[in-house]
Amino acid sequence: MSVTDRTSGTSGIVGGAAAGAAAYVLGYLFAYVTQGSAIEDQLAGFNVFADLFGGDPIPTWKAVGWVFYNGHFADTRVPSLVGGSQMTNIISQADGGSLTLLFVVPPVLLVVAGLVASRIAGATAPVDGAQAGASVLVGYLPLAVIGAFIFRHAVREATIAPDLLTAVLLAGAVYPAAFGAIGGAGATLLSD
């Protein structure tokens, strides 16, 4: 392996990591900008009771995080009224509208990130492009893991949070690897 090959490989991974991190942040920001006020309105009733009974109101930014993970088909774990917890996907339970758009945003951003990573790596063959595109996982996965913990909210002894398993494996690993690879391979096909 020549120095040039190692340098382009390193720049490809760094480019993929940066593109993956950007896709995560832009996806969350899109969810916040488009859904934040509606989520805040939905939380108003709960937060009144939380204040009344000495609990912590749910911040809008955390609830937007749950919806953002739901857009990756990662469920949110919520406490059940009779003890224990249940899994829910807020987007799936919605009556359509702009909320369902959040199912499309992460894949689109990750395909674009994969395309960018492939271009930065200088990939010319679809297999090389797919490998470079899949490197968006390097930037997306750590943020998905961190987000799964940051978006936790304690309600008495229980917690509302993205399900850790699906948040890490599905949202953090499978989505960026698959959609990034598609974007990376697509970049090489578009350049021909």
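The values are calculated or read from the model by the stated rules, or taken from the named source; none is laboratory data. In this text the structure is predicted, and so the values were computed from the model without any measurement. In this analysis, Cβ positions are derived from the backbone assuming ideal geometry, glycine residues included, and neighbour counts consider all displayed protein chains.
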**Residues within the range 102-132 that are in contact with a Leu (Cβ under 7 Å, 6 or more places away or on another chain) and surrounded by 24 or more Cβ atoms within 10 Å (Cβ to Cβ), tallied** = 1
**Request:** Only residues that are among the small types (Gly, Ala, Ser) and assigned to a helix (DSSP H, G or I): list them for the range 150-179, please.
**Result:** ALA167, ALA171, GLY172, ALA173, ALA177, ALA178
**Request:** Considering (1) crowded, with 19+ Cβ neighbours inside 10 Å; (2) in contact (Cβ under 8 Å) with a residue 40 or more places away in the chain; (3) over 19 Å from GLN42 (Cα atoms), say which one GLY172 fails and leave the rest.
**Result:** (2)
**Prompt:** If you go through the range 15-29 one residue at a time, how many are more than 11 Å from the chain's Cα centre (by Cα) and either at pLDDT 95 or above or over 28 Å from VAL138 (Cβ atoms) (or both)?
**Reply:** 4
**Message:** Just to be sure I understand the filter: pairs with C-beta atoms under 6 Å, separated by 6 or more residues or on different chains, first member in the range 69-80 and farther than 14 Å from TYR175 by Cα, second member modelled with pLDDT under 95 and part of a loop (DSSP other than H, G, I, E, B). Which pairs pass?
**Reply:** ASP75/ASN89
**Fill in**
Of ALA185, ALA154, ALA167, ALA173, the only residue that is over 11 Å from the mean Cα position of the chain (by Cα) and closer than 21 Å to ALA19 by Cβ is ALA185
**Asked** Does the range 94-119 hold any residues that are β-branched (Val, Ile, Thr) and in a helix (DSSP H, G or I), and which are they?
**Response** THR100, VAL105, VAL108, VAL111, VAL112, VAL116
**Complete:** By residue number, the members of the range 175-187 that are of a type outside the set (Gly, Ala, Ser) and surrounded by fewer than 22 Cβ atoms within 10 Å (Cβ to Cβ) are ILE182
**Message:** Pairs please, first residue from the range 150-169 and touching a residue at least 12 places away in the same chain (Cβ under 8 Å) and closer than 13 Å to PRO79 by Cβ, second anywhere and exposed (fewer than 14 other Cβ atoms within 10 Å of the Cβ) and not small (Gly, Ala, Ser), Cβ atoms under 6 Å, 6+ apart in sequence or on different chains.
**Reply:** ARG152/THR159
**Prompt:** In the list ILE182, ILE91, which residue meets the criterion of being on the phi < 0 side of the Ramachandran plot, assigned to a helix (DSSP H, G or I), at pLDDT 95 or above and of a type in the set (A, V, I, L, M, F, W, C)?
**Reply:** ILE182
